[in-house]
Amino acid sequence: MTKQVAVIGAGTMGNGIAHTFAQFDYNVRLIDISQEALDRGIATIGKNLDRMVAKEKISEAEKKQTLDNITAHTSLEAGVKGADLVVEAATENLDLKLKIFKELDSLCSEETILASNTSSISITQIAAVTARPEKVIGMHFMNPVPIMKLVEVIKGYSTSDETYKTVASLSEKLNKVPVEVNDYPGFVANRILMPMINEAIETLYNGVAGVQEIDTVMKLGMAHPMGPLQLADFIGLDVCLSILNVMYDGFKNPKYAPCPLLVNMVMADKLGVKSGEGFYDYSESRKAEQVAAMFK
C-alpha cells in the first residue's frame, strides 16, 4: 500500500499536494532545491491548517499530526528514497520536467510510480525519458489543492491500467474525484479553460469592455464564481501563457495563439497575484482591485 509519498516543488501546487497527502496520514517528503522555498511552503501549509482549525474543520491535534507527517529535503536522492509514489510539481517547463524524470528513473525503485502535476505537457513525452513508461502518469490537481475536489488522471500512451487504477484509488483516498483523461495538449481542464481566458483577454484588448465589466458578465451571466480575468491573475499569467503555447505548438491551431496583451503583460512581469499586479492590483491585499485607467 502506498504510504511514502515524495512531492517535488514547494510552490503553490507542491505545498498544497503535500498538505493534502499529509492530512490523510501519508508520510510526505517535500523536496525543493531551495531551503527558502521549503520554509515558505511549510509556513503556507501551517497557515492553511490554522484556517481549517479556526473554521473547526480539523482539530489542533490533526493540524499537528499533518505537519508531523511532512519532512523537508533539498536533496532529490534523499527525498525520493523508499517512496512508493513521486508527484512532480515543479515549474511548467518541459526541459526541467524531462531532467527531473530522468533523474527520478535512476534514483527510484522499479516499483515506484512517477506522477506529474503538469497542467498541459505531454505525459507520453515525459515518460519517454524513463525506462518505466508504464509507471508514469499525470496527476493534475486543481488550485487550491486542499479544497478542490478534481484530479485529472492522465494516461500516457504506455501508462498501464494497473498504474491508473492505483492512482485513481489513491485520489479517492484523498477525498478527491479522479477523472480519466487521455494525453493530448491541455488535457480537458485547460483545453477548455485557457481559450476562454484568452478570449476574455482578447475582448479587453479589443476594447469591447473593461476588466470588471468582463468579469461581471461571466460571474452574473454564466454563474462563474470568479471572472476569467481574475481567475487568470489567480493562476498566474505566466502559467496561462505557457499552457496556451503548449496547446498552440501541439495543435498548430490559431485559436490557441496567445493574445498579444497577455504576452506583453508577462514580459512586463505583471503576472497577477504572485507579482502584486495583473488585471487587478494586489499590492494592498489578495482581493482583486482594478488596476487604474490603463485598461479602460
- prompt: From the list T44, T20, which one is out of contact with any helix residue (DSSP H, G or I) (no Cβ under 8 Å at 6 or more places or on another chain), under 14 Å from V145 (Cα atoms), surrounded by 15 or more Cβ atoms within 10 Å (Cβ to Cβ) and not assigned by TED's automatic domain parsing to the domain that holds I235?
  reply: T20
task: Any chance you could count how many residues in the range 185-194 are surrounded by 17 or more Cβ atoms within 10 Å (Cβ to Cβ) and either at pLDDT 95 or above or among the hydrophobic types (A, V, I, L, M, F, W, C) (or both)?
output: 6
- prompt: For the range 222-246, which residues satisfy the criterion of being touching a Lys or Arg at 6+ places or on another chain (Cβ under 8 Å) and crowded, with 23+ Cβ neighbours inside 10 Å?
  reply: G227, L237
statement: Residue hits (the range 60-98; touching a helix residue (DSSP H, G or I) at 6+ places or on another chain (Cβ under 7 Å), more than 19 Å from R40 (Cβ to Cβ) and without any contact (Cβ under 8 Å) to a residue 40 or more places away in the chain) are E60, E77, K97, L98
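Filter the range 226-246 down to the residues that are assigned to a loop (DSSP other than H, G, I, E, B) and in contact with a Leu (Cβ under 9 Å, 6 or more places away or on another chain) and list them by number. Before you say what the answer is, go through the steps one by one.
Initial filter on the range 226-246 (assigned to a loop (DSSP other than H, G, I, E, B)): 226-227, 236.
G236 - this is the single residue of the range 226-246 that is assigned to a loop (DSSP other than H, G, I, E, B) and in contact with a Leu (Cβ under 9 Å, 6 or more places away or on another chain).
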- request: Test A78 against the criterion of being among the small types (G, A, S) and closer than 24 Å to V129 by Cα, and give yes or no.
  value: yes
- line: The strands (runs of 3 or more DSSP E) lying entirely within the range 108-198 that contain at least 2 residues which are touching a helix residue (DSSP H, G or I) at 6+ places or on another chain (Cβ under 9 Å), under 15 Å from M13 (Cα atoms) and of a type outside the set (G, A, S) are 136-141, 150-155
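Does D215 count as under 17 Å from the mean Cα position of the chain (by Cα), outside the structural domain of I123 (by TED's automatic domain parsing) and surrounded by 18 or more Cβ atoms within 10 Å (Cβ to Cβ)?
no
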task: Check whether at least one residue in the range 143-156 is at pLDDT 95 or above and either among the acidic types (D, E) or outside the structural domain of F24 (by TED's automatic domain parsing) (or both), and report yes or no.
output: yes
query: Is there any pair with a first residue in the range 146-157 that is within 22 Å of K47 (Cβ to Cβ) and a second that is among the polar types (S, T, N, Q) whose Cβ atoms are under 9 Å apart and which are 6 or more apart or on different chains, and what are they?
result: P146/T20; P146/Q23; P146/N48; K149/N175
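Mind telling me which of the residues N182, N206 ends up being surrounded by fewer than 21 Cβ atoms within 10 Å (Cβ to Cβ), polar (S, T, N, Q) and within 17 Å of S120 (Cβ to Cβ)? Explain how you work it out, then say what you get.
Values: N206 fails: within 17 Å of S120 (Cβ to Cβ).
Only one candidate passes the filter, namely N182.
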- prompt: Restricting attention to the range 5-23, which residues are modelled with pLDDT under 95 and β-branched (V, I, T)?
  reply: T12
query: Does at least one position in the range 57-69 carry a residue that is touching a His at 6+ places or on another chain (Cβ under 9 Å), within 23 Å of C108 (Cα to Cα) and surrounded by 14 or more Cβ atoms within 10 Å (Cβ to Cβ)?
result: no
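Report, by residue number, each residue of the range 185-207 that is among the aliphatic types (A, V, I, L, M) and more than 15 Å from the chain's Cα centre (by Cα). Outline the logic, then answer.
Residues of the range 185-207 among the aliphatic types (A, V, I, L, M): 188-189, 192-194, 196-197, 200-201, 204.
Selection gives I192, M196, I197, A200, I201, L204.
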query: Cβ-Cβ below 8 Å, separation at least six or inter-chain, first residue in the range 229-250 and farther than 24 Å from D281 by Cα, second charged (D, E, K, R) and at pLDDT 95 or above: which pairs?
result: M247/R191
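Looking at the range 65-83, can you tell me whether even one residue there is acidic (D, E) and in a loop (DSSP other than H, G, I, E, B)? Walk me through how you get there before you give the answer.
Here is the first cut: in the range 65-83, the ones acidic (D, E) are 68, 77.
If we keep only those that are in a loop (DSSP other than H, G, I, E, B) as well, we get none.
No, because not a single residue in the range 65-83 is acidic (D, E) and in a loop (DSSP other than H, G, I, E, B).
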message: Condition first: at pLDDT 95 or above, more than 22 Å from A168 (Cα to Cα), within 20 Å of the chain's Cα centre (by Cα) and not in a loop (DSSP other than H, G, I, E, B). Can you find one or more residues in the range 24-32 that meet it?
response: yes
query: Taking the stated definitions as given, is E36 out of contact with any helix residue (DSSP H, G or I) (no Cβ under 9 Å at 6 or more places or on another chain) and not in a helix (DSSP H, G or I)?
result: no
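The values are calculated or read from the model by the stated rules, or taken from the named source; none is laboratory data. Values in this document were obtained by computation on a predicted structure and should not be read as measured data. In this analysis, Cβ positions are derived from the backbone assuming ideal geometry, glycine residues included, and neighbour counts consider all displayed protein chains.
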